[in-house]
6 protein chains.
Amino acid sequence: MKLSARNQIKGKILEVKKGATTAHVRVEIAPGQVITASITNEAVDELGLKSGSAAIVVIKASDVMIGVE
Amino acid sequence: MKLSARNQIKGKILEVKKGATTAHVRVEIAPGQVITASITNEAVDELGLKSGSAAIVVIKASDVMIGVE
Amino acid sequence: MKLSARNQIKGKILEVKKGATTAHVRVEIAPGQVITASITNEAVDELGLKSGSAAIVVIKASDVMIGVE
Amino acid sequence: MKLSARNQIKGKILEVKKGATTAHVRVEIAPGQVITASITNEAVDELGLKSGSAAIVVIKASDVMIGVE
Amino acid sequence: MKLSARNQIKGKILEVKKGATTAHVRVEIAPGQVITASITNEAVDELGLKSGSAAIVVIKASDVMIGVE
Amino acid sequence: MKLSARNQIKGKILEVKKGATTAHVRVEIAPGQVITASITNEAVDELGLKSGSAAIVVIKASDVMIGVE
């Protein structure tokens, strides 16, 4: 599937932490740069996500904010 | 301000493209890795965003999906 | 790519309406049931979206609300 | 209340699964087509959501992505 | 319709500014406190939104972040 | 950090309720007006959020809907 989401970044899963219904998945997309995703436990099981696996981080452009210091 | 959003990544603005009310801002967060944000024109003006400036990409964890190939 | 998003529904594009930066795409997912997506013009061009094409509507579970009458 | 959200689809609740703070609600919107919502436990209790009840799935257009195969 | 969204705040519309496809609606929810919504032009027309009208701002809890100074 | 998000409202935390991975934080932004945020437990710990503290509610304009009665 090709997706309309503007942001699709390859990385490696560092950690998968399941909660009661919601899991947090940490993906390293560049040395020292980690993106955290909050997804359903179901999705973790279905995709077989686990530490060390390759993964793609997907983010819709309308969900991205910009900050300046 | 410190923010609850799990994902706050420093980068450099590559391009700011304004539309009628909505602008697209492309930020390079690592060599060759670019994140696109869709924000209001107002925010672009207020923060003075322009190509070449430093910027921080901010994304809430619940807006991040994971894909696998 | 397999995606964590819980909601991936096949349909047929009824209409693509481009704005200055943002396009609205209407997809029929069942007879008389239409879902509208607001995505970037860039994504429309890149995926070659046009009226009559097959498409998959993708929605993260955390973006779905429930109403009752 | 009439709502700006472009997507408001009637269906029937198939399952309500509560977690510690977050619940997953599965709604059938057409034969064999199910949409999953991730909402607060509080909302489940307040609206009295349960399997078999009628419900409306509500999704903002800016939260919908498009995929093509 | 009763809605699962945790945040439903009554206010008065201060301004409606339409773009090519996307409109910005500013709603005063308390003296001096204004919330901006980015919605489709279609929704503005369908709901008859205009400056001075009563309106309810609706926000899903998973779309709210917290900051501290 | 200055942020592109259009909605940044100061308030006082009324309650912090942690779940397994996700916490709900209720912030009073005006007398009797409360906004609920669903954020990660990690963010609660990192920002030291607790009942009685000052906090800023942050919401992207594209995540706000409008309702009318």
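Just one of the listed residues (D:Ala5, D:Ala30, D:Ala20) is at pLDDT 95 or above and of a type outside the set (Val, Ile, Thr), namely D:Ala5.
Under the condition of being of a type in the set (D, E, K, R) and assigned to a loop (DSSP other than H, G, I, E, B), which residue from the range A:59-69 is surrounded by the fewest Cβ atoms within 10 Å (Cβ to Cβ)? Filtering first and then ranking leaves A:Glu69. Scanning the range A:14-58 for residues that are of a type in the set (D, E, K, R), more than 7 Å from every other protein chain (Cβ to nearest Cβ), in a strand (DSSP E or B) and out of contact with any helix residue (DSSP H, G or I) (no Cβ under 9 Å at 6 or more places or on another chain) turns up A:Glu15, A:Arg26, A:Glu28.
Taking E:Gly48 as the residue in question, decide whether it is open to solvent by 60 Å² or more (accessible area, probe 1.4 Å), small (Gly, Ala, Ser) and at positive phi. No; evaluated as a whole, the condition is false for this residue.
Filtering the range A:18-66 to residues that are closer than 19 Å to C:Arg6 by Cα, touching a residue at least 24 places away in the same chain (Cβ under 8 Å) and hydroxyl-bearing (Ser, Thr, Tyr) leaves nothing.
Yes/no per residue for (1) within 30 Å of E:Thr22 (Cα to Cα); (2) touching a Phe, Trp or Tyr at 6+ places or on another chain (Cβ under 9 Å); (3) among the polar types (S, T, N, Q):
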site: F:Leu3; (1), (2), (3): yes, no, no
site: F:Gly19; (1), (2), (3): no, no, no
site: F:Ile29; (1), (2), (3): yes, no, no
site: F:Thr40; (1), (2), (3): no, no, yes
site: F:Ala43; (1), (2), (3): no, no, no
site: F:Ala54; (1), (2), (3): no, no, no
site: F:Ile59; (1), (2), (3): yes, no, no
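Quick check on the range E:1-13: of everything there that is among the basic types (Lys, Arg) and more than 7 Å from every other protein chain (Cβ to nearest Cβ), which residue is most open to solvent (accessible area, probe 1.4 Å)? Among residues in the range E:1-13 that are among the basic types (Lys, Arg) and more than 7 Å from every other protein chain (Cβ to nearest Cβ), the one most open to solvent (accessible area, probe 1.4 Å) is E:Lys10. Of the residues C:Ala30, C:Ala37, the single one that is open to solvent by less than 50 Å² (accessible area, probe 1.4 Å) and under 22 Å from E:Ile59 (Cβ atoms) is C:Ala37.
The values are calculated or read from the model by the stated rules, or taken from the named source; none is laboratory data. Just so it is clear, the structure is predicted and the values come from calculations on it, not from any experiment. All Cβ positions, even for glycine, are placed from backbone atoms using ideal geometry, and neighbour counts span all protein chains on display. Quick note on the areas: whole protein, heavy atoms, side chains included, nothing else; ligands and nucleic acids left out. Shrake-Rupley method; radii C 1.70, N 1.55, O 1.52, S 1.80 Å.
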